[in-house]
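The values are calculated or read from the model by the stated rules, or taken from the named source; none is laboratory data. Owing to the predicted nature of the structure, the values given are computational and were not obtained by experimental measurement. Note: ideal-geometry Cβ built from the backbone for every residue, glycine included; neighbour counts use all protein chains shown. Areas reflect the complete protein model, heavy atoms only, side chains present, ligands, DNA and RNA absent. Shrake-Rupley method; radii C 1.70, N 1.55, O 1.52, S 1.80 Å.
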Amino acid sequence: MNDHKGVWVFSENYELMLELLAGGRPLAASLKTELAAILMGSQLNDRATELVRHGADKVYSMDNPDLKDCHTERCLSLLAKLAIEHKPEIILIGSTKSGKELASRLAARLETGCTPDCVQLDINGQGTLTTKRVVYSGNAVVTATYLKKPQIAAVLPRAFEKPEPTERKGHVVTVDVKIEKSAVEIVEINEIRAAEVKIEEAKIVICGGRGIDKKEDFQPLIELANLLGGQVGNTRPLAEDRKWFTEWIGLSGKKIRPALYMGCGISGMIQHVAGMRDSQVVVAINKDPEAAIFEVADYVVVGNLYEIVPAIAEQLRKQLS
Amino acid sequence: MPRIIVCLKQALDVSQLKADPSSRKLVTAGVPRKISDFDKNALEEAVSLKEKLGGEVVTITSSAEDAKTSIREALAIGADKGYFVNDEGLRNSCTLATSHVLAEAIKKIGQFDLVLCGEASIDGFSAQIGPRVAEILGIPVLTYARSITVQGDTVTAERSLEDRYETVRTKMPAVITVTREINEPRIPSLMAIMKASKKEIVSWRLADISVPPEKAGEQGSGVKIMDVSAPKVERKKETIQGESPREIAANLVKALIQDGVIGR
Ligand SMILES: Cc1cc2nc3c(=O)[nH]c(=O)nc-3n(C[C@H](O)[C@H](O)[C@H](O)COP(=O)(O)OP(=O)(O)OC[C@H]3O[C@@H](n4cnc5c(N)ncnc54)[C@H](O)[C@@H]3O)c2cc1C
C-alpha cells in the first residue's frame, strides 16, 4: 500500500478543479507529498501555469482536439492509465453528475473505494483520508475512511473556496494522448440554460415553492431577486409537476450555499433542505406556523408570501433611494 | 426481444429516520425498508419496455437482511422472476463489494441485453453501482437517463445533466441508470399481486455465485463508515415580529442588513 504517492485532482469543469486544489492542498501538506492537477482539454494555452499558481505542484497536461468536450469515456481511459502508471495515493474528482460517473468507474477499474459528494476532507492519525458527506436525504452526515488505495473522493462544488493565485513554481508534464474509440456515441446536446449566472454561484437566492399558485405569481420573487442582485430558485414540484422550470434546489437537484436563502411558500421537506442547508443565512416565509422549514431558518416569517414578498421589495426600494 | 435485468436495492425509508436527540446518532433500527425510489423507476421502465417489445424482466437484489417482501412487490409490478443474494457476509459492504456481488450474480443469471438501475439509492445516494457494474461486466453505461429507446441491438438514452440534456447511443448489452423523471411507477393491481405470489424468487448465498468471503462485506470493501450523525443545525429561529406585512418586512430587512448579507 505504501507505494502510492501524491494527491491528484481532476474535473471536467475547470473552475471546480481550482476548488479541488484548495481541498487537496492541506491533504498533500499533511502527507508531505505533492499535489498534482490532471488537465485535459483542447487549446489549453496557459491553463497549466494557472493551475500551478492556484496550488498545483505538478500538472499532467493532455492537450488534444478530441478532448475538447471532456467526454467522460475519453477522460476515464486516460485518467485510469495515468493512475495505474503513477499510483497516486488520493484522487479528488469534481462531484458533478459526469464526475460521479467517472469517479465510480475509475474506482471500479482500480478496484478501490470511492465516496461521492464529499464536503469535507481530512487525513487521520494513520495517514488515511477521511471524508464527510450528507446522506439519507439530508438527515445524516457520514464520516468514512478508506481501506484500499488509491483513495477516490468526489467533491461537491463549493465545498472549497477557489484559492487565490500566487506566484509559485510547479512542474508541467505533457502527456501523450492516444484517443481510443468510444463505445458510447453522443448524438445530440441540448443546453438547458446557458447565458445566465449559475444558481450555485448566486450570492442571494430567492426560492419559491408550491405556496405560489401561478407561474405569473413568481414575478414578485424575480423582482426581489433583481433588487438584491440575486437569482430565483424553486422546489422540485414546480419543475416536475407544474413544468414551470427545468431544475430545482435539493437532494436530487442543485445544491446551493448562498449568503442569503429566502424560502417563500416552501414546506421544508428534507429533500429540499438537503440542497440549501449550507446557506449562510436562511429566511423562511410560510403561512403555516408549524412549517418544517422554520426549523432550519434563522428568520421565521409567519405570513402570506403574496403580501410579505412585495413588502420586502418595497422596503428595499425605500432604503436604496 | 430484450432480456432486462433490474438491480433493486431494499433501502431505508429515509423519510422515517430519526436521530437520537442527545447523541445526534441516527437510529436506523426499526426504520421501515422499501424498494429504493429510483430503482422502482428502473423497474417500471423495464416492464414497459417488455410490454412494447416482448422479452423478459428479472430483478436482482443483494442484502444481508431479508428482502423478499420488496422482491414480491417488484414481481407484482411486472418482473417475471426475482434473484436474491442473501448472505450475512454482505454486511458492511461498500459499493466496491456490492457491485462485485451484483456483477457476479448477473453473470450467473446469464444472457441479457440491458441492466437497469436507479441513478442512485434514496439512502446512500452514492450513484456508483450502475457505473461500477458496467465496468466489471466490461460493457458501456449510460447514466442519468430520462428516456430510453431500444431499436434492434442499439439503445438510445437522453441523459439529464446539470446544464444540458445529452442524447447518447450505444450497442447492447449495456447498463443504464435512470432518473425519476423517466416515468411514474405503476401501483400493482390486486390481481397482479395475487399472480406475483406464484412467481419464482431464486435465493443464492455468496458461494452459489462464486464470490469468496474476502470479496464481500468489509473485507471486500474500499470504504468503511466510521460515523453517522444528524447534521448540526445552528439556526437562530428568530421570529420576525410585526403588525403588518410592511412592519414585518422592515424588521426583516433591518436584521439582514445587521447580519451583513444585504447591502444598505
Ligand atoms: C427521492 C426524492 C427526492 C426529492 N428531491 C427533491 C429535491 O431535490 N428538491 C425538492 O424541492 N424536492 C424534492 N423532493 C420533493 C419533496 O419531498 C417535497 O415534495 C417538495 O420539496 C415540496 O415542495 P414545496 O415545499 O414547494 O411544496 P409543499 O410541500 O406543498 O409546501 C408548500 C408550502 O407553502 C405554504 N404556503 C402555501 N401558500 C402560502 C402563502 N400564500 N404564503 C406563504 N406560505 C404558503 C404551505 O404552508 C406549505 O408549507 C424529492 C422527493 C423524493 C421522494
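What strands (runs of 3 or more DSSP E) lie completely within the stretch B:8-63 and have 2 or more residues being more than 27 Å from B:GLY152 (Cβ to Cβ), assigned by TED's automatic domain parsing to the domain that holds B:GLY124 and within 16 Å of the ligand (Cβ to nearest atom)?
Working: elements: B:10-12, B:33-35, B:56-63.
Filter on the stretch B:8-63 gives B:10-12, B:33-35.
Within the stretch B:34-70, restricting attention to residues that are open to solvent by 50 Å² or more (accessible area, probe 1.4 Å) and not charged (D, E, K, R), which residue is nearest to the chain's Cα centre (by Cα)? Per the stated criteria, the residue is B:THR69. Checking each residue in the stretch A:285-300 for being surrounded by 21 or more Cβ atoms within 10 Å (Cβ to Cβ) and more than 9 Å from the ligand (Cβ to nearest atom) picks out A:PHE294, A:VAL296, A:ALA297, A:ASP298, A:TYR299, A:VAL300.
Against the conditions (1) part of a strand (DSSP E or B); (2) modelled with pLDDT under 95; (3) touching a helix residue (DSSP H, G or I) at 6+ places or on another chain (Cβ under 8 Å), B:VAL150 satisfies every one except (2).
Taking strands (runs of 3 or more DSSP E) that do not extend beyond the stretch A:183-252, which have at least 3 residues that are of a type outside the set (S, T, N, Q)? Working first, answer last.
Numbers: elements: A:185-191, A:204-208, A:231-234.
By residue number, A:185-191, A:204-208.
Determine which member of the set B:GLU104, B:GLU73 is out of contact with any helix residue (DSSP H, G or I) (no Cβ under 7 Å at 6 or more places or on another chain), of a type in the set (Asp, Glu) and open to solvent by 10 Å² or more (accessible area, probe 1.4 Å). Lay out the reasoning, then the answer.
Values: B:GLU104 fails: out of contact with any helix residue (DSSP H, G or I) (no Cβ under 7 Å at 6 or more places or on another chain).
After applying the criteria, what remains is B:GLU73.
The numbered conditions (1) closer than 24 Å to B:ILE209 by Cα; (2) away from chain A (no Cβ under 12 Å) are all true for B:SER147 except (1).
Being surrounded by 22 or more Cβ atoms within 10 Å (Cβ to Cβ) and at pLDDT below 90, is that true of even one residue in the stretch A:118-135? Yes: one or more hits.
With respect to (1) facing chain B (nearest Cβ under 7 Å); (2) open to solvent by 10 Å² or more (accessible area, probe 1.4 Å); (3) away from the ligand (no atom under 16 Å from the Cβ), the lone exception for A:GLY113 is condition (2). Among the residues of the stretch A:213-253, those identified as more than 7 Å from the ligand (Cβ to nearest atom) and in contact (Cβ under 8 Å) with a residue 60 or more places away in the chain are A:ASP217, A:PRO220, A:LEU221, A:GLU223, A:LEU224, A:LEU227, A:LEU228.
Residues that are modelled with pLDDT of 95 or more, surrounded by 14 or more Cβ atoms within 10 Å (Cβ to Cβ) and small (Gly, Ala, Ser) do occur in the stretch A:150-158, at least one of them. Listed by first and then second residue, the pairs linking a residue in the stretch A:64-89 that is free of Cβ contacts under 8 Å to residues at least 60 places away in the same chain to a residue that is surrounded by 22 or more Cβ atoms within 10 Å (Cβ to Cβ) and assigned to a helix (DSSP H, G or I), with Cβ atoms under 7 Å apart and 6 or more places separating them unless they lie on different chains, are A:LEU76/A:LEU102; A:LEU76/A:ARG105; A:LEU76/A:LEU106; A:ALA80/A:LEU106. Restricting attention to the stretch B:127-139, the residues that are within 7 Å of chain A (Cβ to nearest Cβ) and either open to solvent by 20 Å² or more (accessible area, probe 1.4 Å) or not in a loop (DSSP other than H, G, I, E, B) (or both) add up to 4.
Have a look at A:ILE256, A:ILE266, A:ILE285 and point out the one that is more than 27 Å from B:ALA120 (Cα to Cα) and either in contact (Cβ under 8 Å) with a residue 40 or more places away in the chain or facing chain B (nearest Cβ under 10 Å) (or both). I'd like the intermediate steps shown before the answer.
On the way: A:ILE256 fails: more than 27 Å from B:ALA120 (Cα to Cα); A:ILE266 fails: more than 27 Å from B:ALA120 (Cα to Cα).
Exactly one of A:ILE256, A:ILE266, A:ILE285 is more than 27 Å from B:ALA120 (Cα to Cα) and either in contact (Cβ under 8 Å) with a residue 40 or more places away in the chain or facing chain B (nearest Cβ under 10 Å) (or both), namely A:ILE285.
A:SER279 meets each of the listed conditions (1) within 8 Å of the ligand (Cβ to nearest atom); (2) at negative phi; (3) open to solvent by less than 20 Å² (accessible area, probe 1.4 Å) apart from (1). For A:LYS198, the conditions (1) over 21 Å from the mean Cα position of the chain (by Cα); (2) within 10 Å of chain B (Cβ to nearest Cβ); (3) away from the ligand (no atom under 13 Å from the Cβ); (4) open to solvent by 30 Å² or more (accessible area, probe 1.4 Å) are fulfilled apart from (1). Under the condition of being hydroxyl-bearing (Ser, Thr, Tyr) and either open to solvent by 10 Å² or more (accessible area, probe 1.4 Å) or not assigned by TED's automatic domain parsing to the domain that holds B:LEU116 (or both), which residue from the stretch B:76-100 is nearest to A:ARG109 (Cα to Cα)? Here the residue is B:THR95. The C-beta contact set for the stretch B:1-29 (first residue within 14 Å of another protein chain (Cβ to nearest Cβ) and under 27 Å from B:LEU90 (Cα atoms), second residue acidic (Asp, Glu) and away from the ligand (no atom under 16 Å from the Cβ), distance under 7 angstrom, 6+ apart or interchain) comprises B:VAL27/B:ASP20.
Applying the selection to the stretch B:198-244, what residues are hydrophobic (A, V, I, L, M, F, W, C), open to solvent by 90 Å² or more (accessible area, probe 1.4 Å) and either part of a loop (DSSP other than H, G, I, E, B) or in contact (Cβ under 8 Å) with a residue 60 or more places away in the chain (or both)?
Kept after step one, since they are hydrophobic (A, V, I, L, M, F, W, C), are these residues of the stretch B:198-244: B:201-202, B:204, B:206-207, B:209, B:211, B:216, B:223, B:225-226, B:228, B:230, B:233, B:240.
Subsequent filtering for residues that are open to solvent by 90 Å² or more (accessible area, probe 1.4 Å) retains B:225-226.
If the condition is that a residue be hydrophobic (A, V, I, L, M, F, W, C), open to solvent by 90 Å² or more (accessible area, probe 1.4 Å) and either part of a loop (DSSP other than H, G, I, E, B) or in contact (Cβ under 8 Å) with a residue 60 or more places away in the chain (or both), then B:ILE225 is the only one that fits.
The residue pairs whose first member lies in the stretch B:95-109 and is under 15 Å from B:ALA207 (Cβ atoms) and at pLDDT 95 or above, whose second member is assigned to a helix (DSSP H, G or I) and open to solvent by less than 10 Å² (accessible area, probe 1.4 Å), and whose beta carbons are closer than 6 Å, counting only pairs six or more residues apart or on different chains, are B:GLU104/B:ILE209; B:ALA105/B:ILE209; B:LYS108/B:ILE209. Give the residues of the stretch A:260-276 that are within 17 Å of A:LYS203 (Cβ to Cβ) and either more than 6 Å from the ligand (Cβ to nearest atom) or in a strand (DSSP E or B) (or both), sorted by residue number. Once the filter is applied, which keeps residues that are within 17 Å of A:LYS203 (Cβ to Cβ) and either more than 6 Å from the ligand (Cβ to nearest atom) or in a strand (DSSP E or B) (or both), the stretch A:260-276 yields A:LEU260, A:TYR261, A:MET262, A:GLY263, A:MET276. Applying the criterion of being closer than 18 Å to B:ALA67 by Cβ and of a type in the set (S, T, N, Q) to the residues of the stretch B:96-126, the residue that is farthest from the other protein chains (Cβ to nearest Cβ) is B:THR98. Would you call B:GLU181 modelled with pLDDT under 95, out of contact with any Gly (no Cβ under 6 Å at 6 or more places or on another chain) and in a loop (DSSP other than H, G, I, E, B)? Considered against the rule, which asks whether it is modelled with pLDDT under 95, out of contact with any Gly (no Cβ under 6 Å at 6 or more places or on another chain) and in a loop (DSSP other than H, G, I, E, B), B:GLU181 comes out as no.
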